[in-house]
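The values are calculated or read from the model by the stated rules, or taken from the named source; none is laboratory data. None of the values given here were measured: they were computed from a predicted structure. No Cβ is skipped: glycine too gets one built from the backbone with ideal geometry, and neighbour counts run over all protein chains shown.
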Amino acid sequence: MPKQKPEAAYRKSGLWSDAWKRMKRNRLAVLGLVIFVVIVLLAVFADVITPYDYDMQDPANAFQSPSLRHPFGTDNYGRDLFTRVIRGGRVSLLIGIVACGFSALIGGALGAVAAYYGGALENVIMRVMDVMMAIPNTLLAIVIASALGPGIGNLILAVGISAIPTFGRILRASILSVKEQEYIEAARLIGCRDRQIIVHHIIPNVLSPLIVQATLRVATIIISAATLSFLGLGVQPPTPEWGQLLSAGRSYIRDYWFLVFFPGLAIMLTILSLNLLGDGLRDALDPRLKK
């Protein structure tokens, strides 16, 4: 008697497994994922990888060009630039991911409430978001950071608040397209509360655009955080952060190019990898591309 195949063999692959298969065929998306994973691993294991303390000064070796001893050279205080760039990546990625999570949580919740309940509540929420979107993100972040003062926590709040309207509008549009579906009506008929319907039935079905937007938004938040630090409104020395490193090196750019080249290269590679990954996720999660 032939052996019966396990039941799992007959199951159709789910949304995420299908999306992963499609994304693997996108070489640029895979390249972006690999670059981003490498950058994250370097940031996580910075203490093991870097040979010096990020704030260890050696004035006798200031402005050393890149060498085997100092792969990225040294800054005006003789600090190893490779160490500071790698450790700065930890701070920049932390700001980008935490601020994006904060803005996605708050903006997504407001967008979900506005779309589900509608009426006057929706008008109030969306008009507030329209006002926030009328102000450029960087300008809004600068205003908030100026009011709160410098520091990592305040920087996260500043760039996170400026990104809330984007997530709110995206989730609202997605929920408006699914809230009248039959399975939502069925959930109402069996007595599910509004909170249960939103959390367990609506949100899981609109996660795809939210995930894609979050991937792309991390990149813009990192740029905004670097801009604020460059202006002196973000991370303060001696703590390294890519924007702060660019700000510190701009005075010496004519004579010591490496002081701004390597922090700028780190920002460029991170933003490039996130954009490639975000584009790949968007294509992979697009239902119209399913075969």
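Points to keep in mind about this one:
- For segment 66-86, the tally of residues that are assigned to a loop (DSSP other than H, G, I, E, B) and in contact with a helix residue (DSSP H, G or I) (Cβ under 7 Å, 6 or more places away or on another chain) stands at 9.
- Restricting attention to segment 180-199 and to residues that are among the aliphatic types (A, V, I, L, M) and surrounded by 12 or more Cβ atoms within 10 Å (Cβ to Cβ), the residue that is farthest from residue 111 (Cα to Cα) turns out to be 187.
- When residue 278 is tested against the conditions (1) within 26 Å of residue 26 (Cα to Cα); (2) out of contact with any Phe, Trp or Tyr (no Cβ under 8 Å at 6 or more places or on another chain); (3) surrounded by 24 or more Cβ atoms within 10 Å (Cβ to Cβ), the lone failure is (3).
- Qualifying residue in segment 175-185 (condition: among the aromatic types (Phe, Trp, Tyr), closer than 21 Å to residue 97 by Cα and in a helix (DSSP H, G or I)): no
- Residues that are among the hydrophobic types (A, V, I, L, M, F, W, C) and either crowded, with 18+ Cβ neighbours inside 10 Å or at positive phi (or both) within segment 247-259 comprise 248, 258, 259, listed in sequence order.
- Residue 155 vs. criteria hydrophobic (A, V, I, L, M, F, W, C), closer than 29 Å to residue 91 by Cα, modelled with pLDDT of 90 or more and buried (at least 18 other Cβ atoms within 10 Å of the Cβ): yes
- Selection within segment 31-54 - touching a Lys or Arg at 6+ places or on another chain (Cβ under 7 Å) and part of a loop (DSSP other than H, G, I, E, B): 50, 54
- Hits in segment 40-85 - residues which are of a type in the set (Gly, Ala, Ser) and either surrounded by 14 or more Cβ atoms within 10 Å (Cβ to Cβ) or within 27 Å of the chain's Cα centre (by Cα) (or both): 43, 46, 62, 73, 78
- When residues in segment 204-233 are screened for being over 19 Å from the mean Cα position of the chain (by Cα) and either charged (D, E, K, R) or surrounded by fewer than 18 Cβ atoms within 10 Å (Cβ to Cβ) (or both), 4 of them pass.
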